Amino acid sequence: MKSFSSLALLITLFYQVSLSQKLPEGYILQYQQGFNGGHALSDFMFDHPASWGIFSVSGNYYLQCTGATDSTAKTTLPANIAILKNKIFGDFILEVNVMPEADSNGFRETCLFLGMKDQTMYYYIQLASRCDSGNHGIFMVKDSIVSRLTGASEQPVSWKDTRWHKLRLERNIVKRTIRIFVDDMTHPALQIKDYELVMGMVGFGSFSSPVRFDNLKIWAPTVISNE
């Protein structure tokens, strides 16, 4: 009986330690969205609202971006942007499920946005199926000019057909770190230390690829309304 009680205590302690490792002290759930109805769209600002919508498969609802608004257009900035309205974050942890779909060239990618002041100044993380000078990395946009903050030799993402992938984005403004995890929550896929931008809005989207989003959660010590 004593050994059973000890085992139960160890399991409880392990569970508590796991939670403390996952969420830093003082972090609370500031926003959660399962996209279970059209009303969810009102929480976001969209660059191209006609490209976004709520869909469902087998009773599971999700937000989907249909892809490029103009397949012939060439741009150095992401074309599909959905930004969470009226919330400014400093330190935060964001988790979301994504399902990038292949374009006509078989290319898959998705983006996360943070530190956004406006459309001319923000960070974005592009996770893509290939890595070169313009794809897959952490970037900063300043005065609408893009600077790459990670190297061009990072490992691209092996997206799986019709599979949801879990992303976790961690921003620490004291350490000035940005870390992104893909499925494996123990080893970051990309990470940097950058001192340029601090607080701002957050969101997700893509350059031109179709992509689905679901189960969005954001934890933070605090959030500032910009209404």
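For the reader, a short list of remarks on this structure follows.
- Residue pairs meeting the criteria (Cβ under 7 Å; at least 6 apart or on separate chains; first free of Cβ contacts under 8 Å to residues at least 60 places away in the same chain, in the stretch 105-121; second not small (Gly, Ala, Ser)): 120/141; 120/143
- Some residue of the stretch 24-39 being modelled with pLDDT under 90 and either surrounded by fewer than 16 Cβ atoms within 10 Å (Cβ to Cβ) or closer than 15 Å to residue 215 by Cα (or both): yes
- Check on residue 186, farther than 30 Å from residue 60 by Cβ and among the hydroxyl-bearing types (Ser, Thr, Tyr): no
- Failed criterion for residue 170 (all others in (1) acidic (Asp, Glu); (2) crowded, with 18+ Cβ neighbours inside 10 Å; (3) over 16 Å from the mean Cα position of the chain (by Cα) hold): (3)
- Near pairs, Cβ below 7 angstrom, 6+ apart or cross-chain, from the stretch 168-197 (touching a residue at least 60 places away in the same chain (Cβ under 8 Å) and on the phi < 0 side of the Ramachandran plot) to any residue that is of a type in the set (Gly, Ala, Ser) and assigned to a loop (DSSP other than H, G, I, E, B): 173/90; 180/189
- Applying the criterion of being within 18 Å of the chain's Cα centre (by Cα) and not polar (S, T, N, Q) to the residues of the stretch 132-152, the residue that is farthest from residue 192 (Cα to Cα) is 141.
- Taking the criterion of being surrounded by 12 or more Cβ atoms within 10 Å (Cβ to Cβ) and either closer than 19 Å to residue 123 by Cα or of a type in the set (D, E, K, R) (or both), the residues of the stretch 157-167 that qualify are 160, 166, 167.
- Count - residues of the stretch 40-59 that are farther than 15 Å from residue 83 by Cβ and surrounded by 15 or more Cβ atoms within 10 Å (Cβ to Cβ): 1
- In the stretch 98-131, the residue that is farthest from the chain's Cα centre (by Cα) out of those that are crowded, with 17+ Cβ neighbours inside 10 Å and acidic (Asp, Glu) is 103.
The values are calculated or read from the model by the stated rules, or taken from the named source; none is laboratory data. Remember, it's a predicted structure, so these values are computed and weren't measured experimentally. In this analysis, Cβ positions are derived from the backbone assuming ideal geometry, glycine residues included, and neighbour counts consider all displayed protein chains.
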